[in-house]
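Chemist: Sharing a structure with you now.
The values are calculated or read from the model by the stated rules, or taken from the named source; none is laboratory data. Note that the coordinates shown come from a computational prediction; the quantities given were computed from them, not determined experimentally. Cβ: placed from backbone, ideal geometry, glycine included. Neighbour counts: every protein chain shown. Calculation scope for accessible area: heavy atoms of the full protein, side chains included, ligands and nucleic acids excluded. Shrake-Rupley method; radii C 1.70, N 1.55, O 1.52, S 1.80 Å.
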Amino acid sequence: MRSINLFFQLIVKFLLLTQLVTAGTVYAASSKAKQIINIAYLTQEQAPPAALSNLDPFIKDKGLPGAELGVADNNTTGQFTNQQFVLKAFIVPLDGNIIETFDKNIAGHYQFVVANLPAAELQKLADLPSAKPTVLFDVATTDDELRNGQCRSNVLHLLPSRAMRADALAQYMMKKRWSKWFLVVGPNPEDRLYADAIKRAAKRFGMKVVAEKAWEHTFDARRTAQSDVAVFTQVDDYDVLVVADEQGLFGEYLDYRTWLSRPVIGTQGLIATGWHKTHEQWGAVQMQNRFKDKVGRWMEEQDYGAYLAARAIGEAATRTKSNEFKPVKDYLVSDQFALQGYKGNPLSFRSWDGQLRQPVLLSAPRSQVAVAPIEGFLHPKTELDTLGYDQPESQCQWSK
Amino acid sequence: MMKRNVLGLCLFATLAGQVDAETVFVTLEKDNALAVVDPIDGKLLKTVPVGQRPRGISISPDYKYLYIATSDDNTIKIIDANSLKEVGKLPSGEDPETFALNPAGDRMYVSNEDDSMVTVIDVAKKKAIKQIKVGVEPEGITVSPDNKWVISASETTNMLHWIDTKTSDITDNTLVDPRPRALGFTADSRQLWVTSEMAGTLMILDANTRQLLKTVKFAAQGVTADKIQPVGVVIDKERKRGYVALGPANRVAVVNAQTFEVEKYLLVGQRVWNLAFSPDQKRLYTTNGVSNDISIIDLDEQKVTKSIAVGTYPWGVAVKP
């Protein structure tokens, strides 16, 4: 299946790793001036979306508290390494201009920017000449295109891509032998992208999409879901219903209302995510507690992404003893980089597309069902690379 | 089923003039209890309730008292090692998990994971006498046998903090491989052995220079690198061999303590976590968190001889002669 090439790379990387282990550096407690590492956090205010139910309040500040916690952790380390991490948040108003804010306040002042922005805005930012000597830590998008044909060399992606999520679900479905999928797609372009990732995963793992339908019923189905869904789901037999509804406009209404008694997975039901409140293994319960004590709510996926972004900068700055762009960035994308992310495996960036390789959580609303990669899915380098676009499949050109 | 003489213990028992009455204590995180095991007969003698979520365990140098961190009670309990009755509590701070006693047994150092602190306790007075600020999520902690150093390892900061026992101040910090978990000194206090859960390594440091002597990378056949997550580490008194629990790899690595070569991987129970020697150092006891048992390794034979079911989530282990 895999090319010989990959195997050679594996051997080379292993050799590099064994030579470059830099443990044992001694830091004396000293009184000289602290090295400052400046980090910008850039986001835009969001208009609250239409509420599907009254259960989950709209969270205005997803992301920022994660970056703050990450920087606080960096500074706890920094007191011993004589480094200080400073975070400055730039929150562009609803009617404000992100590019203007960047050019005016960030360009030239900050080399490490945590960006919590939609895909289109992130692309515009990445293409600015003034953004070339920066690393943009994308803590919001899941677009596969931004990690393939439209990849940019100054962007690192912290959250799992749609392909990684779909592959995680597919691995679990394969283990359960739920191989016939009924795909239900929402009305937004993002839903279509999610559905594409699902189809790619189905093909990759030998599953079959036996039926596909677009949801055309009402989006406030609190009163009518019972009849709508039963009629809508009368298709040929299938094992599992896969829903693509990223905004959560109707997906929650499917479970328990389908014509046949079938489970719901995808963007609702059993979801694939980078972080979830049900996750508690590998020290995650400590992280959940620390976040909740500080912020007063559960850690959301963007918070986790922003936490990891800040910690990645911290880890690279500490190991290289530098606050300069080049050594820190080189270290981030090197084989030596290993980030602890409370998910068992060390996390690192894929050299071919800047995606953070990481386990993907499969979560039901109140319990963790599995963590992908699922046992038995093998890879010559790391099983984490069974999720998403592997090196031979990648269409990203920046690393070449 | 296995006879005692097969274990090679017959001779020892005869020389001692009686059957060795050593007792193994195992904390059971999920059962809120302490398992009491006779390792010679290979029997679970009894299970005693000790408080909420017991994890770290240690025995006083005179073997009279057990100290048990009951994490969800936010205290360290003092248990009479004979009657198994609770005789006191120590002010450990919140959510205590791991701690270390000094050789005299009059000072205790506790890792406060959520607060990034180490609490120093005067054991006789049952009082916290100092709190030391350390890195994020301190976990592994140990005191050198010569009572010179307390070493605290912070998991998220990836650092060892060298605390001078005389002043209880940090005098040095060493950056190590990611997510350092457990620490152990050699009996002569000259080397510090540290496990890294994320890198799958054992680092051996010179305690005088605090420089790295060697990084041992574990790789067991048939186990993916991701599964090798080293935790507990102990080194025998003669510094012939050290032993490292490899977590979900379900193996204990046997490391030659002179050459630092890995000699062997011994298959034990699932998610092997913590380790303790028998007083004569002829056996090694391992807690296996997922298979709910302990394994007994005969160190002369370098073989796993027995596993004993003890209860749910066995965590820490202490041995009384």
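Chemist: Within 10 Å, count the other beta carbons around each residue, average over each peptide in A:289-295, B:143-149, and list them highest first.
Modeler: B:143-149, A:289-295
Chemist: Report the dimensions of region A:318-388 along its three principal axes from the alpha-carbon atoms, largest first, rounded to Å.
Modeler: 42, 30, 17
Chemist: Turning to a different aspect of this structure: Roughly to the nearest percent, how much of the accessible area of the protein assembly as shown is carbon and sulfur, given a 1.4 Å probe?
Modeler: 50 percent
Chemist: If I ignore ligands, DNA and RNA and count only protein heavy atoms, how much of residue A:378 is accessible to a 1.4 Å probe, in Å² to the nearest 10?
Modeler: 120 Å²
Chemist: Tell me the per residue accessible area of region B:256-297 using a 1.4 Å probe; a whole number in Å² is fine.
Modeler: Normalised by residue count, the accessible surface of region B:256-297 is 36 Å².
Chemist: Projecting each Cα onto the charge dipole of region A:278-373 (Lys/Arg +1, Asp/Glu -1 at the beta carbon, about the Cα centre), which of A:317, A:285, A:306 comes out farthest on the positive side?
Modeler: In region A:278-373, that residue is A:285.
Chemist: Compute accessible area for region B:124-156 by itself and then with all protein chains, 1.4 Å probe, and report residues whose area falls by 40 Å² or more.
Modeler: B:136, B:137, B:156
Chemist: Bin all alpha-carbon pair distances of region A:163-273 at 5 Å intervals from 0 and give each bin's fraction as a whole percent.
Modeler: Bins of 5 Å from zero give 2, 14, 26, 27, 19, 9, 3, 0 percent of pairs.
Chemist: Between beta-carbons, use under 13 Å as the cut-off and find the net charge around residue A:264, counting Lys and Arg +1, Asp and Glu -1.
Modeler: -2
Chemist: Right, here's the next one. What relative contact order, as a whole-number percentage, does region A:163-273 give when Cα pairs under 8 Å and 6 or more residues apart are counted?
Modeler: 32 percent
Chemist: Continuing with the same structure: To the nearest 20 debye, what charge dipole does the protein assembly as shown have about its Cα centre, counting +1 at the Cβ of each Lys and Arg and -1 at the Cβ of each Asp and Glu?
Modeler: 1260 debye
Chemist: Ok, one more. Sticking with the crude label model, points 7 Å out along Cα→Cβ, report the distance from residue A:231 to residue B:261 in nm, one decimal please.
Modeler: Placing both labels 7 Å beyond Cα along the Cβ direction yields 7.7 nm.
Chemist: List the residues of region A:58-96 for which accessible area in the full set of protein chains is at least 30 Å² lower than for the chain on its own; 1.4 Å probe, protein heavy atoms only.
Modeler: Listed by number, the residues meeting the 30 Å² cut-off are A:76, A:77, A:79, A:80.
Chemist: Any chance you could check the Cα centroid distance between region B:247-321 and region A:70-123 for me, in angstrom?
Modeler: 48 Å
Chemist: So if I place +1 on the C-beta of Lys and Arg and -1 on the C-beta of Asp and Glu, and nothing else carries charge, what would the dipole magnitude of chain B be about its Cα centre? I want it in debye, nearest 20.
Modeler: Using Cβ point charges on Lys, Arg, Asp and Glu, chain B gives about 520 debye.
Chemist: Separate question: When only C-alpha pairs under 8 Å and at least 6 residues apart count, what is the relative contact order of region A:289-400, in percent?
Modeler: The normalised contact order for region A:289-400 reaches 14 percent.
Chemist: What does the convex hull of the Cα atoms come to per residue for chain A, in Å³?
Modeler: Looking at chain A, the number lands at 143 Å³ per residue.
Chemist: Evaluate the charge dipole of region B:188-265 about its Cα centre and quote only its size in Debye, nearest 20, assuming +1 on the Cβ of each Lys and Arg and -1 on the Cβ of each Asp and Glu.
Modeler: 80 debye
Chemist: Using label points projected 7 Å from each Cα along Cα→Cβ, tell me how many nm separate residue B:64 and residue A:368, to one decimal.
Modeler: Here the answer is 4.4 nm between the modelled labels.
Chemist: Projected area of the protein assembly as shown, taken from the Cα convex hull and averaged over every viewing direction, in nm²?
Modeler: Dividing the Cα hull surface by four gives the mean projection, 33.1 nm².
Chemist: Estimate the FRET efficiency between residue A:281 and residue B:94 by the formula 1/(1 + (r/R0)^6), using the beta-carbon distance for r and 30 Å for R0, to the nearest 0.05.
Modeler: Calculated value: 0.90.
Chemist: Remind me, relative contact order of chain B in percent, using alpha carbon pairs under 8 angstrom and six or more residues apart?
Modeler: Computed over chain B, the figure is 12 percent.
Chemist: Could I ask something else about it? By accessible area of protein heavy atoms, probe 1.4 Å, what ranking do A:207, B:117, B:108 get, highest first?
Modeler: Solvent-accessible surface, decreasing: B:117, A:207, B:108.
Chemist: Interface B/A, total buried accessible area with a 1.4 Å probe, nearest 100 Å²?
Modeler: In total, this chain pair buries about 2900 Å².
Chemist: On to the next question. Using a 1.4 Å probe and ignoring any ligands, DNA or RNA, find the accessible area of residue B:241 and quote it in Å² to the nearest 10.
Modeler: For residue B:241, the solvent-accessible surface is approximately 70 Å².
Chemist: Oh, and also: Could you bin all the Cα-Cα distances of region B:83-185 into 5 Å bins starting at 0 and give me the percent of pairs in each, rounded to whole numbers?
Modeler: All Cα pairs considered, the percentages come to 2, 14, 25, 26, 18, 9, 4, 2, 0.
Chemist: If you don't mind, another one. In Å², what does the accessible area per residue of region A:163-273 work out to with a 1.4 Å probe?
Modeler: About 46 Å² of surface per residue is accessible.
Chemist: May I ask you to work out the translational diffusion coefficient for chain B at 37 °C, viscosity 0.692 mPa s, via Stokes-Einstein with Rh from the Kirkwood sum over Cα pairs, reported in whole µm²/s?
Modeler: Using the Kirkwood radius from Cα pairs, D works out to 168 µm²/s.
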